[in-house]
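Notes follow the structure.
The values are calculated or read from the model by the stated rules, or taken from the named source; none is laboratory data. None of these values were measured; they are calculated from a predicted model. Here the Cβ is made from the backbone with ideal geometry for all residues, glycine too, and neighbour counts use every protein chain on show. For accessibility, only protein heavy atoms count, side chains too; no ligands or nucleic acids. Shrake-Rupley method; radii C 1.70, N 1.55, O 1.52, S 1.80 Å.
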Amino acid sequence: MKSLKTLYPVFILLTTLGILTGCDFNSPGPDDHEEQQNEPYEGLIPDFQGPTYSDDYTPISSWSDRFIWNLANVHDPTVIKDDDYFYMYQTNASYGNVHEAGGNYLVRRSTDLVNWEYLGAVFDSDPAWVKNALNTIRATMDPPLPPLENPEYGFWAPHITKVGNTFRLYYCVVVLNPILGNDGNEYWTERAFIGLAESTDLSSNNWEDKGMVIHSVADGEETYARDGGSDWSGYFKFNAIDPSYVVTPEGEHWLIYGSWHSGLAAVEVDPVTGKPKELNTLPDFGVRIAGRGRVHSNRWQALEAPEIIYNEDTGYYYLFLSYDELAEAYNTRVARSENITGPYFGLDGGNVTEGAEAYPILTHPYKFAGSYGWVGISHPSIFQDPDSGKWFYSSQGRLPPDIAGINVSNAVMMGHVREIYWTEDGWPVVAPERYADVPDVTITEADLIGKWEEITLRYEYQVMQLSKNITLHEDYSVEGYPNGTWSFDEGSQTLTLNGTELLVDSAWDWEASPRRTTVTYAGISSAGFSIWGKKVGNDEK
């Protein structure tokens with residue numbers, strides 16, 4: 001299929017009208033688990049009052065309710081902290097497309113990553129430079145193509161960063177028209193552009209548009225004609241969407257971008273302008289840093305949304321990747337390198353730059369008992385709180401399809417913020433539960449004894465991984481799935497469960513009714529699958 005980023009506006013329209021609701025995706029419901037009979041469990045910190053808002057925000061999804069959305073209607077968020085506030089910017093996407101009333105790239109802010117205030121949009125109108133840039137390129141093609149008088153736009157995937165005293169917002173504008181004619185099965189969709197806006201004060205929400213940074217580039221390997229709807233051998237080499245930005249310790253500035261087509265690219269930019277110094281030849285558009293499968297021949301690789309961070313504590317660049325289509329199967333992988341342009345390697349030593357599958361898997365469709373679970377959890381923003389030093393993962397999560405009583409449930413997109421932990425050997429792990437600003441407490445061995453739910457995030461396309469029941473007994477035995485033994489190092493807050501090291505933390509149990517604090521663990525199996533667990537009850541022995 002075509003990248004669902006390209007098809008996204010059509011997908012939302014169809015689902016909003018109910019056209020897709022007849023599909024049977026066999027989604028598990030809240031009772032599709034063997035529930036544990038738990039003794040009363042007050043939680044880790046009984047008097048903590050965490051968030052209580054519903055994950056089904058459809059009753060407040062209209063544009064008139066935007067000031068009480070909190071994290072409702074979030075898609076492809078990008079987050080940065082300035083003074084006391086975290087600021088979040090996002091793709092133009094919302095349940096029922098209600099955002100269309102309010103400009104491009106919605107903005108919200110928070111002091112605690114839990115409660116978010118709606119601020120408005122970055123742009124009130126469409127950037128004027130896009131049409132001019134598009135038609136200039138069309139006029140120089142061989143053969144020259146006529147101008148598009150009324151291009152249709154999609155506004156996707158911004159990325160916020162700070163360079164010196166200036167905030168830079170890289171943003172994507174995709175021209176949705178076919179290159180020729182009106183049939184998307186006959187010709188490829190027109191190109192995408194990455195633009196740049198700058199501000200010196202995020203609280204003012206005043207931005208100066210700096211125009212085009214880069215655009216999708218063809219390399220002559222394919223024509224822009226398509227051989228019907230099953231022809232996915234992309235015309236463009238690099239697809240100019242999904243930007244991120246990283247500065248190396250040596251002071252080099254790099255723009256990272258790409259989606260599907262022939263892989264993900266890194267291009268060095270001028271630190272002063274934030275743009276490539278020139279775009280005259282194919283090498284000016286960057287080098288491939290990641291692909292999936294046969295990277296030298298496959299023009300339709302199911303990965304996108306590259307985000308690179310440099311962790312000075314480990315000395316590695318970490319490349320976070322989004323795999324597969326975004327509505328259900330979306331899952332997050334990570335690879336790392338000592339060099340900004342790679343090669344990037346996974347946990348298993350696979351060369352992701354040359355097309356190996358990236359491991360570990362950090363997020364995947366999943367479901368704890370007592371909930372509908374979450375799918376479509378990817379395209380993350382990876383950011384660090386400069387005050388606490390904590391790292392975070394933020395993305396959207398979608399409800400599964402066909403939930404009774406929720407119209408077009410898979411179009412419900414809730415913003416997720418999760419803490420990132422780092423393993424002893426320097427790999428990131430994403431928290432099992434969303435962040436709720438639960439106080440950090442030292443977990444004791446006694447806190448771990450009891451009933452748990454555990455999920456292993458094995459890769460299955462469009463399939464939610466379900467939790468299984470286990471019990472940690474006082475005698476250090478493990479009962480359930482899997483049986484075995486456990487031990488705990490309080491100094492490092494590391495639980496060793498059947499030989500796998502897991503990091504424990506205080507957390508908010510979003511699936512409990514009523515919600516409460518609990519203990520969670522997270523780690524990575526030897527196969528590269530994240531393992532998530534949360535305590536749900538006391539030991540009956």
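Values computed for the structure shown
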quantity: Region 126-147 residues that are more than 24 Å from N104 (Cα to Cα), paired with ones that are of a type in the set (F, W, Y) (beta carbon under 6 Å, 6 or more apart); calculated: none
quantity: Among the residues listed as K162, K131, the single one being open to solvent by 50 Å² or more (accessible area, probe 1.4 Å) and under 23 Å from I308 (Cα atoms); calculated: K162
quantity: Sole exception among (1) within 26 Å of A335 (Cα to Cα); (2) without any contact (Cβ under 8 Å) to a residue 40 or more places away in the chain; (3) not in a strand (DSSP E or B) for G491, by number; calculated: (1)
quantity: Residue list for region 176-233, restricted to those being acidic (D, E), surrounded by fewer than 20 Cβ atoms within 10 Å (Cβ to Cβ) and in a loop (DSSP other than H, G, I, E, B); calculated: D183, E186, D201, D219, E221, E222, D227, D231
quantity: Selection count, region 383-399, where residues are within 30 Å of N298 (Cα to Cα) and either touching a helix residue (DSSP H, G or I) at 6+ places or on another chain (Cβ under 7 Å) or open to solvent by 10 Å² or more (accessible area, probe 1.4 Å) (or both); calculated: 1
quantity: Failed item, numbered, when A302 is tested on (1) surrounded by 22 or more Cβ atoms within 10 Å (Cβ to Cβ); (2) within 20 Å of Y235 (Cβ to Cβ); calculated: (1)
quantity: Region 239-251 residues that are outside any strand (DSSP E or B), paired with ones that are among the aromatic types (F, W, Y) and open to solvent by 20 Å² or more (accessible area, probe 1.4 Å) (beta carbon under 8 Å, 6 or more apart); calculated: T248/W254; T248/Y310; P249/Y310
quantity: Residue in region 364-373 that is over 15 Å from F320 (Cα atoms), part of a helix (DSSP H, G or I) and open to solvent by 10 Å² or more (accessible area, probe 1.4 Å) present; calculated: no
quantity: Checking W300 against (1) within 23 Å of Y171 (Cβ to Cβ); (2) touching a Ser or Thr at 6+ places or on another chain (Cβ under 7 Å), the condition it does not meet; calculated: (1)
quantity: Residue match in region 112-133 (condition: out of contact with any strand residue (DSSP E or B) (no Cβ under 6 Å at 6 or more places or on another chain), in a strand (DSSP E or B) and of a type in the set (K, R)); calculated: no
quantity: Filtered residue count, region 522-541, keeping only those that are surrounded by 15 or more Cβ atoms within 10 Å (Cβ to Cβ) and either small (G, A, S) or more than 21 Å from the chain's Cα centre (by Cα) (or both); calculated: 12
quantity: Test for E338: is it in contact with a Pro (Cβ under 8 Å, 6 or more places away or on another chain) and either more than 27 Å from E252 (Cβ to Cβ) or at pLDDT 95 or above (or both); calculated: no
quantity: Close pairs from region 450-465: first under 16 Å from Y372 (Cα atoms), partner open to solvent by 20 Å² or more (accessible area, probe 1.4 Å) and assigned to a loop (DSSP other than H, G, I, E, B), Cβ under 7 Å, at least 6 apart; calculated: M464/P28; Q465/R458
quantity: Qualifying position, being open to solvent by 30 Å² or more (accessible area, probe 1.4 Å), of a type in the set (D, E) and closer than 29 Å to E419 by Cβ, among D76, D126, D112; calculated: D112
quantity: Filter pass, S388 being closer than 18 Å to I524 by Cβ, hydroxyl-bearing (S, T, Y) and either at pLDDT 95 or above or over 19 Å from the mean Cα position of the chain (by Cα) (or both); calculated: no
quantity: Extreme residue, nearest to I382 (Cα to Cα), among residues of region 318-358 that are among the aromatic types (F, W, Y) and open to solvent by less than 10 Å² (accessible area, probe 1.4 Å); calculated: F320
quantity: Residue that is surrounded by the most Cβ atoms within 10 Å (Cβ to Cβ), among those in region 134-159 that are of a type in the set (S, T, Y) and outside any strand (DSSP E or B); calculated: T136
quantity: Residues within region 510-525 that are closer than 18 Å to W422 by Cβ and assigned to a loop (DSSP other than H, G, I, E, B), tallied; calculated: 1
quantity: Members of region 494-506 found to be assigned to a strand (DSSP E or B) and either within 14 Å of S530 (Cα to Cα) or more than 30 Å from the chain's Cα centre (by Cα) (or both), listed by number; calculated: L497, T500, E501, L502, L503, V504
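Yes/no per residue for (1) among the charged types (D, E, K, R); (2) farther than 18 Å from Y330 by Cβ; (3) assigned to a loop (DSSP other than H, G, I, E, B); (4) within 24 Å of the chain's Cα centre (by Cα):
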| position | (1), (2), (3), (4) |
| --- | --- |
| Q396 | no, no, no, yes |
| G405 | no, yes, yes, no |
| M414 | no, no, no, yes |
| D425 | yes, yes, yes, yes |
| V429 | no, yes, no, yes |
| P432 | no, no, yes, yes |
| V463 | no, no, yes, yes |
| T471 | no, yes, no, no |
| D475 | yes, yes, yes, no |
